[in-house]
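Remarks on the structure that follows.
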Amino acid sequence: MAVYKGISKDCGCRDNQNLFRFDKLHDMEERKKREKIPNLESLTIGNCTVALTLDTRYRDENGKYHASIRFTVNGSRYFLHLGYKYSVAEFDAINKADGRGRGGNQSQNFIDRNQLVELYNQYIDLVRDMYNKGTLKSVDNIRAVITGRISTYGNTDESTAPYANSFIGLWNEVISQKKASTAETYRNARDCFIKSGVYDAKDGYNVDVEKIKAWIAYMKEMRYTQTTIGFYLRAIRVVFKACISNGYMREKDYPFSATDPMKVKIPSGSSRKADFLNIDQMTELYEFYVNGEIPKKYKHPDEMKQSLGMLLAQYLCNGCNLYDLALLRYDDYYDISEHKALRFFRHKTKDHSESGSEVIIPIIPPLRRILDDLAAPFKKGALLFPFLLGEGIDPDSKKARDKIHQENHNVADRVKKIAEIIDWDVRPSSTFARHSFATNLSRSKVPMDYISFAMGHSLGNKGQITKRYISPYPIEEQMQYNSYLLDLSELKALRQKDMTKEELVKMVKETMTKEELLSLLLGK
């Protein structure tokens, strides 16, 4: 006689079919039993139904199932096991426990029910919070927020889906959306984060404050500068924000704060407030550019003068960097202003700052002199300084970054030699231009709003960005303010203009202290 689990050779085909039918009917009966298990609690929030039930997919040797919270979103389910197991009968008894009858509210079933419902309500709050913030998109979002994972992990190959469904995978997506120069920094930050060993592919989205602190400790041990650490932390901060906006983390999991001592404060890097030249020093450099002679012992004197001209042009072009100078063109604004001003959009912020990227440059006489010497002849739409970058080169390409990087080195090396000639201890570089522009105008009592406007900073930050470096204005007024950049007689004429009584009073109020005003009124 044939038996299941050991069918003899004598068992016919019909017996095999009967056994198969018996197996199938048995499975169907089991599924029906599972479907009859009541939910202890159930609530629908938006497109998600949250139920407190048993996960009948897995039964242990004692006939018990995991007590679970089942999340259902658009037909997809995710079971979160709560750490308790019950048989169907036990779970049914817990479901019916109401604190009355035998044992009352001290009965084990009633106590178990309260514990399970308390856990359930915590996840109801989580789902409701996700729904209110618009991040309740799928069970993957819920799973990621609760466990840090979406599916299976363990493969560290970036090209595979398991690794892509993780914090590093989202980091890769962020990198792909950035322009080349920014993407390189984000990529270096990601590689450093992985190399530090604080994160494993199995961690998924489970990245917290402690991991970030451990990463910082690693970078300090490896002697990364504060500036680099700041760059890398700002990169990972963007990834955290992407995790939150995509529903893979909650806002409370965001690890950065400038005020919360339990979270991470991003260092601002070393201050560059000392990296500036005062008005007298800038004037001396300009006068050397116009009249100075380079001793014969120095090779390539023309290149030295050209690099000095580029440093001065950066300073006089509202402290722009060499990248922006290389991209400066004769655009429509140059014609509209009757060749009195230039305009550009800061390359650093043009993609994500509408109000803080446009820069208008008044062409004061010293700048005009440099343009006459070094700029290409006027041609609508052409680059002013094609020798810095050249036409046809993608400004976001590695080739462009390498070329500008080299030009910055050239300026620093050549101006350093000029500093030796005029017997200076300080060794200026291109970074001095921006800080010198802001500092010298500020010390000349030029309004902070104008300095922010001239540097292309958004006024929405109330001048905070500008202060780290130390409503449009008519061209004449811009020229007046920029005339304070150098101490030249030809520029002093730009500062003299007829003022109304109201303008004079306003200027006095803005430039004098209360003590000075009182002394003026008393005739002291």
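Structure above, values below:
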| quantity | calculated |
| --- | --- |
| Lys, Arg +1 and Asp, Glu -1 on Cβ, resulting dipole of region 279-497 about Cα centre, debye, nearest 20 | 420 |
| Efficiency of FRET between E221 and S42 - r from beta-carbon atoms, R0 60 angstrom, step 0.05 | 0.70 |
| Prolate/oblate/rounded label for region 279-497 (Cα gyration tensor, a/c 1.5) | rounded |
| Compactness of region 313-402 as Cα Rg over 2.2 N^0.38 Å, two decimals | 1.05 |
| Long-range amide H partners of E358 with built H, under 5 Å | R346 |
| Three-way shape call for region 212-338 based on the alpha-carbon gyration tensor, with the a/c threshold at 1.5 | prolate |
| Sites D413 and K263 - FRET efficiency at Förster radius 35 Å, r taken between beta-carbons, to 0.05 | 0.25 |
| Cα centroid separation, region 368-426 to region 287-308 (Å) | 15 |
| Theoretical FRET efficiency, 1/(1+(r/R0)^6), r = Cβ-Cβ of E210 and K445, R0 60 Å, to 0.05 | 0.75 |
| Percent RCO, i.e. relative contact order, over region 262-345, from Cα pairs under 8 Å lying at least 6 residues apart | 17 |
| Cα-based Rg of region 37-142 normalised by 2.2 N^0.38 Å, two decimals | 1.13 |
| Debye equation applied to the C-alpha atoms of region 297-341, log10 I(q)/I(0) at 0.16, 0.33 Å⁻¹ | -0.56, -1.07 |
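Computed from the coordinates by the stated procedures, all read-outs in this text should not be read as laboratory data. None of the values given here were measured: they were computed from a predicted structure. All Cβ positions, even for glycine, are placed from backbone atoms using ideal geometry, and neighbour counts span all protein chains on display.
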